[in-house]
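Taking it in order: structure first as structure tokens, then the write-up.
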Ligand code: 13P
């Protein structure tokens, strides 16, 4: 079923686990994520960013796919606009039936971030759509972002931000970055900062840049109060590795076989990830337990 992201994250917050939010750009990714979640009795968030939407995951095609697969799934699924920035993108996502929108004005001055986030909350909440915002800034791994605390989320500012905007979840900067880290580099997360943020805010917190962060970091982040983890690079990599493995075994593999190999590989990756972040076995459903998903 398709549900508001707020309901998923509130449950995760109350029960100290995190929900995976996978950037998904086609039917194979959406289905892999939803099937993995179903088999693990876990919630999952399907999301896509404006660049991914513009290039490939066109909303008129992908939203009906997400809706159809989510509605027959026995576990709760949310659909999130990741890193929305322009008001028109937020409005379109709300109109299309996304159950959460992120407004990322984190690279703008504090006051402007507050105003933009507040505006999106005002548009989204009356439609039953929840809102994720970002304070501090999670940058790019390739640029070396996240290695110093200059972009980390400030605790006092975060309290003021949430109070003034009414956002439902907050993405915090504590040492991760988007994309691929240099080979061998594992980010060092500021768990003291996370503890202070959680204590002060007592709300669902989001970790961006979930790829390449290391299992121990992810587990500690969840224990420290992270309730949503965004993953893109590692999921794309799983898809690519699935196809490469098939090609090395059978160079004549056709397009259909490659798509199926990619989907199977993503699904296996997601199932493993759900266990790391503790969202498996959070939901039970009688129909599944009796062997029928209908
Ligand atoms: P990664 O590509 O590093 O997993 O980051 C994903 C993300 O945070 C999307 O918002």
Could you tell me which numbered condition residue 92 fails, if it satisfies all but one of (1) within 16 Å of the ligand (Cβ to nearest atom); (2) in a helix (DSSP H, G or I)? (1)
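Here is a yes/no grid of residues against (1) part of a helix (DSSP H, G or I); (2) within 19 Å of the chain's Cα centre (by Cα):
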{"site": "199", "(1), (2)": "yes, no"}
{"site": "203", "(1), (2)": "no, yes"}
{"site": "239", "(1), (2)": "yes, yes"}
{"site": "248", "(1), (2)": "yes, no"}
Just the residues that are outside any loop (DSSP other than H, G, I, E, B), within 16 Å of the ligand (Cβ to nearest atom) and modelled with pLDDT of 95 or more, please, taken from the stretch 131-159. 131, 132, 133, 134, 135
Take the residues in the stretch 171-203 that are within 14 Å of residue 227 (Cα to Cα) and touching a strand residue (DSSP E or B) at 6+ places or on another chain (Cβ under 6 Å), then tell me which one is farthest from the ligand (Cβ to nearest atom). 197
I'd like the residue in the stretch 236-256 that is within 17 Å of residue 27 (Cα to Cα) and in contact with a helix residue (DSSP H, G or I) (Cβ under 6 Å, 6 or more places away or on another chain) and, out of all such residues, is nearest to the ligand (Cβ to nearest atom). 238
Can you list residue pairs whose Cβ atoms sit under 7 Å apart, with the first residue in the stretch 83-100 being within 14 Å of residue 128 (Cβ to Cβ) and the second being within 16 Å of the ligand (Cβ to nearest atom) and part of a helix (DSSP H, G or I)? Count only pairs 6 or more apart in sequence or on different chains. 99/5; 100/5
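Only residues that are assigned to a strand (DSSP E or B) and either free of Cβ contacts under 8 Å to residues at least 60 places away in the same chain or within 14 Å of the ligand (Cβ to nearest atom) (or both): list them for the stretch 205-233, please.
As a first pass, look at the stretch 205-233 and keep what is assigned to a strand (DSSP E or B): 205-207, 226-231.
205, 206, 207, 226, 228, 229, 230, 231, listed by residue number.
The values are calculated or read from the model by the stated rules, or taken from the named source; none is laboratory data. Note that the coordinates shown come from a computational prediction; the quantities given were computed from them, not determined experimentally. Here Cβ is always computed from backbone atoms with ideal geometry, including for glycine, and neighbour counts include all displayed protein chains.
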